[in-house]
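Below is one structure; the comments refer to it alone.
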């Protein structure tokens, strides 16, 4: 029985070999079709590559520097981010990630580079895009709105004359009327008033037929955003990677560079808001202090003239020196107390709910100054998100709650500081009374002058 099975296996092996061999010879007999199919496939691939414009990618990296003061947040805010599994640095970078690809930044980039208008010429296999050093002229559409599309063709001659034709509106309406004009001249066309301006790369040569296509700014913004890729280099670093795809390498580089430049300008503008708020606060305080000092000088001068007083400080000697030191301390405490009350009113006033707090307020308390700095940082993040969203955004609502908690924390800290300053002031006033009582000469006049000075 085993011998019979072995014979069957040996009989099947030649049959299988013969079938594979027959298939091989069958394919070999049709080799012309295989070669033809290979050439046709390669031809289609080559034709596709020749007729499809090449797309290039340009990349850049942007380092987001963290403010040393922004490493610590108030308790409520820190717990909020920790509950989400995010560090404060990552949250800040994610905010900048959203800001740099916001429609406002991309729209400003498009306007600066004028890339809402595309220029092409016929090539051997496909149209070639003109940009930068390859673009001899630029079309300025005067009457078109931001929402309108348009197309036309133009040809520039050696004598700087321009022939415009093949006008197409955004709705598909066409006009084949040819219009002659000159470079730099505004002309009436079916698309409204426009002008053809020479660029710095213009030469007095006849140009090929240029196809001009103007895309509305909203579609151009969406197209630019689709070609733009922005991501974090790594979760543990604050580096943002940017890349842009375009058929023109120079245009891709310009978009990346301009996008970063616009983002930096907006960032500096946000930082300047704190400086402006602080400057306004200082100016208001200087006006009040100048008025008070003017009244003090006038009171002292009138009192001395009326009572014919000599130099009280020199006459009082040692006791007056002690009194002066006490007065300086009292003045410092009262100034801090005035500043603390001013900041508290600023925080509790409904008109300043979403406003930045003045930095460097003069309160000699590092904890409160740090809280104010952290509050301003979070307020800027909230304002930046609101510029591209609405108050119904859950992130903005969370930030509003965090800001409210920070305001309450700062008010509580200021209240504690006020209690401390009042206690210190009361103690110094008692010490001043003891020192003043020991002044031998002209005690009444000395007391009055000291009160005026304070």
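Values for this structure:
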quantity	calculated
When residues of the stretch 110-120 are limited to those that are in a loop (DSSP other than H, G, I, E, B) and in contact with a helix residue (DSSP H, G or I) (Cβ under 8 Å, 6 or more places away or on another chain), the one surrounded by the fewest Cβ atoms within 10 Å (Cβ to Cβ)	115
Counted residues, the stretch 223-238 - those being touching a helix residue (DSSP H, G or I) at 6+ places or on another chain (Cβ under 9 Å) and exposed (fewer than 13 other Cβ atoms within 10 Å of the Cβ)	3
Strands (runs of 3 or more DSSP E) contained in the stretch 160-232 and holding at least 3 residues under 23 Å from residue 247 (Cβ atoms) and in contact with a strand residue (DSSP E or B) (Cβ under 8 Å, 6 or more places away or on another chain)	210-214, 228-232
Identity of the residue in the stretch 344-358, without any contact (Cβ under 8 Å) to a residue 12 or more places away in the chain and assigned to a helix (DSSP H, G or I), that ends up surrounded by the most Cβ atoms within 10 Å (Cβ to Cβ)	352
Selection count, the stretch 127-141, where residues are outside any strand (DSSP E or B) and either touching a helix residue (DSSP H, G or I) at 6+ places or on another chain (Cβ under 6 Å) or closer than 14 Å to residue 205 by Cβ (or both)	5
Odd one out for residue 196, checked against (1) free of Cβ contacts under 8 Å to residues at least 12 places away in the same chain; (2) under 37 Å from the mean Cα position of the chain (by Cα); (3) assigned by TED's automatic domain parsing to the domain that holds residue 146	(1)
Some residue of the stretch 416-431 being under 25 Å from residue 95 (Cβ atoms), modelled with pLDDT under 85 and assigned to a helix (DSSP H, G or I)	no
Within the stretch 404-423, tally of residues that are more than 25 Å from residue 334 (Cα to Cα) and out of contact with any helix residue (DSSP H, G or I) (no Cβ under 6 Å at 6 or more places or on another chain)	1
Where residue 123 falls short, out of the listed (1) in contact with a strand residue (DSSP E or B) (Cβ under 7 Å, 6 or more places away or on another chain); (2) surrounded by fewer than 17 Cβ atoms within 10 Å (Cβ to Cβ); (3) assigned to a loop (DSSP other than H, G, I, E, B)	(1)
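The values are calculated or read from the model by the stated rules, or taken from the named source; none is laboratory data. These numbers were taken from a predicted model, which means no experiment stands behind them. Cβ coordinates were reconstructed from backbone atoms using ideal geometry, including for glycine residues, and neighbour counts include every protein chain displayed.
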